[in-house]
Amino acid sequence: MQYRDSVRFLPSRWLFTRNLLIVGVAASVTSRTAFASTTTAKRILCSPTKMTDQQTCDSSYIAGSNSVAFVTTPDRESAKKLAHGIIDRKIAACVNIIPKIESIYMWEGKVTEDDEYLMMIKTRTERIDQLSKFVRENHPHSVAEVISMPIENGNLPYLNWIAQTVPELKQNKD
């Protein structure tokens, strides 16, 4: 019986979590000037030989050098197809697919409601334009949502794993 009562509150918990995510996005967008001043600050990034606590620190992490991007899709199949394409091309290190989010938005002058799938994509910041281009070219909607936020701090071995998994863009040496 107690589990049935817990399930009853699940939708409100999801809405609370979703609203926290939205507030985080809004805070990130409004604090661009603060981010610009912190991008030069380096943080130590430790390089584990295995994903354990045994680490050797041999490089540094620059705040904002990795990003998380959000993409919505109309169904699970298109989300999985996009995710596999993104990972196969090494555009990102990881894609999480969050099922059944409810989106309410204005489209062609009407309020529209849809159940969608949210993709949470972790990659290098320098790869966001490539990610956006890939999504535009392969997404089933004519206007695909691709938004991103820089990762300023986090679990250093994880941030290092993103950097190791996603190659840097090659620089033209003209």
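The values are calculated or read from the model by the stated rules, or taken from the named source; none is laboratory data. Since the model is a prediction, treat every value here as computed from it, not as a measurement. Cβ placement follows ideal geometry from the backbone for every residue including glycine, while neighbour counts extend to all protein chains displayed. We work out accessible area using only protein heavy atoms, side chains counted, and drop any ligands, DNA or RNA first. Shrake-Rupley method; radii C 1.70, N 1.55, O 1.52, S 1.80 Å.
Those residues that are open to solvent by 40 Å² or more (accessible area, probe 1.4 Å), assigned to a loop (DSSP other than H, G, I, E, B), out of contact with any strand residue (DSSP E or B) (no Cβ under 6 Å at 6 or more places or on another chain) and touching a residue at least 40 places away in the same chain (Cβ under 8 Å), I need them from segment 123-171; list them, please. Residues satisfying the conditions are P140, H141, E152, N153, P167, E168, L169. Residue check: is K100 touching a Pro at 6+ places or on another chain (Cβ under 8 Å), basic (K, R) and surrounded by fewer than 17 Cβ atoms within 10 Å (Cβ to Cβ)? The answer is no for K100. Within segment 60-88, can you find the residues that are of a type in the set (S, T, Y) and more than 18 Å from T165 (Cα to Cα)? Residues satisfying the conditions are T72, T73, S78. Looking at segment 148-162 only, could you name the residues that are modelled with pLDDT of 95 or more and among the small types (G, A, S)? Residue satisfying the conditions is S148 alone.
Taken over segment 55-97, the residue count meeting the criterion of being on the phi > 0 side of the Ramachandran plot and open to solvent by less than 30 Å² (accessible area, probe 1.4 Å) is 1.
Conditions tested, residue by residue: (1) at pLDDT 95 or above; (2) closer than 17 Å to I128 by Cα.
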residue: L21; (1), (2): no, no
residue: G24; (1), (2): no, no
residue: T38; (1), (2): no, no
residue: D75; (1), (2): yes, no
residue: D88; (1), (2): yes, yes
residue: I91; (1), (2): yes, yes
residue: I97; (1), (2): yes, no
